1. Just order 125-136, 59-70 by mean Cβ neighbour count inside 10 Å, highest at the front, would you?
2. Show me 75-84, 43-52 ranked by packing, highest mean number of other Cβ atoms within 10 Å first.
3. Between Asp113 and Glu60, what length comes free when the chain is fully extended (0.36 nm per residue of separation minus the Cα-Cα distance, one decimal in nm)?
4. Enumerate the residues in the stretch 131-157 having an amide nitrogen under 14 Å from the point lying 7 Å beyond the Cα of His81 toward its Cβ.
5. With a 10 Å Cβ neighbour count serving as the proxy for reagent exposure, in which order, fewest first, do Trp149, Trp91 appear?
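Every number in this text was worked out from the coordinates using simple rules, so none of it is lab data. As the structure is a computational prediction, the values presented were derived from the model and not from experiment. Glycine gets a Cβ as well: all are built from the backbone with ideal geometry, and neighbour counts include every protein chain shown.
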Amino acid sequence: MTRKTLTLIFVFLLGIALGSVITRFAPIGHSGGVVNAQTKMPTMILHLFTGPDNQTHAEEIPVNFTDGVFNLLPVKGAELHSTTPGTVITWHPAPRRQYVITLAGHSEIEVADGKKYSVGPGSIDWVEDTTGKGHVTNTVGNDDRVAIWLPIADGAPLPAPKL
């Protein structure tokens, strides 16, 4: 295949993946569906970051759409990753600043204080804990977890300091 054909296929698949996430509006820890429609839960982003204590912390950030749009930081590519049920990736920092959007399957993400966050289809993680002890990722349930990793472009702004 030509580079142009591969680019078109990539853009098409990325559009499907991101369109699926945007149309689901699934908050972290919920499966969506009827309950989501009845409760009007906001779309959330799970933000992992390294605190001044060199430990990974997390915050859930509500997505505030303006005219139906929420702009993410610029990204520089995309990768699809798959992990099988029972896979546990022990304490590790993120390989780079990136978004991780779960397309299928479920995982638990554990941070320094022992709190665990459930992520599933439609979950958006903004991962920035590139230093320190990191976090634990545990693939749970009966299905493979398939996620798209979107590396944040070099030079993208850093968030305000936390804690």
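1. For the peptides 125-136, 59-70, the packing ranking is 125-136, 59-70.
2. The densest-packed peptide leads the list: 43-52, 75-84.
3. Result for the pair: 17.6 nm of gain on full extension.
4. Inside the label zone: 131, 134-140, 145-152.
5. Lowest to highest Cβ neighbour count: Trp91, Trp149.
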